[in-house]
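The values are calculated or read from the model by the stated rules, or taken from the named source; none is laboratory data. Only a predicted model underlies this, so the values are computations on that prediction, with no experimental measurement involved. Glycine also receives a Cβ, built like all others from the backbone with ideal geometry; neighbour counts cover every protein chain displayed.
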């Protein structure tokens, strides 16, 4: 009976020597179905046959996953490892790790489960004799393909016995990165597969993370003994070759980390791992908003965020197991030379030495930041003496290397995960009082300008706050009050962002109060010198030099020749700056203890603030309020909801103007 079945099945009947290898491959191609996979598995137990044809079956078996996984494992353990590696890396380079565009006439991309209609898959936690855990949605087929191909490579590379194994490994790692770097979805599953691949190749014993509920990483363990390399070389790899292999894996880990972090969503204002916010919750617990979940709690309780932490923790631990030092990471991060991007679709030549293999610069930044944050947030973290940085010039160099590299107009528009990593290192330096010394005043100003632009441009509210905090604290750290005043004035005069001008008003207010009103200092800003002479902010000079930009001439603003909707849009964009300046002025008018030192009467008389600033604001309120009434031009353009919001803005400004004018009356001077 068995002979009769063999005669009827072409995969059995045509086995060599009945046909030659090439003919038999053609027969397999035309007769390969899911029903025939058990037969092919039986055929592939023939080691000689598999060694000759296995490499050419990889592309035929991949579309039949997960049912074909057993046959692919047969090829990995019995085929010629050198030839099969080439086919697997070729498959990785051709693999598209993206969601296909759905057409109304097309069917959805099959999942790993749907691709095997005849074979019942094993669910998570299920064996042939035990019930399954609750069913979960399997990932798309392309995710399973990636996981299986990496599993095959981990078997194949351990089988290769060569004097220069790095040549095979370099080719494989480039192919894996080419596939991984193209992915936009299911990054957790793909990243876990990449980490497992490195752990297997490096022989690290660190335990794996438990599988995620939605993961398709259910690969079978390889059964059967791997066959020896038929082309094995007797001469073992040298120590330099082993170092080169380790360096390849170190570099690979940093590139995987870069791609993973840059694909993280910032939904609900969680940029990357929210390191900056979690550090500030520890450093400044008084700033935590009551009855609002902290970022630390969210990362421990929300599944998606907890998964980010777990994956990053595994990546950091694996890099440590591979011997990647913090000093090496810092050296890479501080290197001003730009990375040379590879040519898409082209494979680099295998490196000849470990020194030829660069780490990913951005991946090194993420890794360095993660190690430093770990020291602060987790008590179990051991000491790491090589990770301390200062604002000047370490953090300033990091800013220059990673922020605004495409031009000043892009500052603050970088990936929010990248900005979070950069900012958290600055917060750590401030907390340790590691300010350092700027090389000159220009370097100091450049750092503040870049940091303030981040606070103006980034979309994340939390990152804007952290950038503002860094800018303000570093500004106050400079021992020269003249330098501090110069930066504030330049911001008021030249900055095109109204929210930054409002921040500059806050800096000026803080400096003025600190210099003139005795206070109990809770936590003074760190500084790189304690030598303080007479403070320019305790004299009329600071206010007189900034007044033209605090209270600019508004007589020609919002003129009737300009479309009123455009004028109103400009007015509302600048409103925050006007309110900040007016509130500061009201404080000066009512704080009588500073009137003499700062010559507030002289400031008011000489600045012409009433005529060219307060009066135009009053006139603008009247004009815009009239246009917001029923039938007015702004009422039509703003809509019902917009009208109420606009009127509220006008009421707020009007209230501040009323208070300022009362303060002026109390000053006892005539109108200017």
Exercise for review: Kindly indicate whether residue 76 is under 27 Å from residue 154 (Cβ atoms), assigned by the TED database to the domain that holds residue 176 and either surrounded by 14 or more Cβ atoms within 10 Å (Cβ to Cβ) or in contact (Cβ under 8 Å) with a residue 40 or more places away in the chain (or both).
Suggested key: yes
Notebook entry, point to check: Just wondering, is there one or more residues in region 590-613 that are surrounded by 15 or more Cβ atoms within 10 Å (Cβ to Cβ), within 45 Å of the chain's Cα centre (by Cα), part of a helix (DSSP H, G or I) and touching a residue at least 12 places away in the same chain (Cβ under 8 Å)?
Noted result: yes
Checked region 392-429 for anything surrounded by 17 or more Cβ atoms within 10 Å (Cβ to Cβ) and not in a helix (DSSP H, G or I); matches are 392, 393, 403, 404, 411, 412, 414, 415
Taking region 476-494 and the residues there that are assigned to a helix (DSSP H, G or I) and surrounded by 19 or more Cβ atoms within 10 Å (Cβ to Cβ), the one that is farthest from the chain's Cα centre (by Cα) would be 481
Considering every residue within region 175-188, establish whether at least one is at pLDDT 90 or above and over 23 Å from the mean Cα position of the chain (by Cα). yes
Within region 248-293, the residues that are on the phi > 0 side of the Ramachandran plot and either modelled with pLDDT of 90 or more or within 13 Å of the chain's Cα centre (by Cα) (or both) are 269, 272, 274
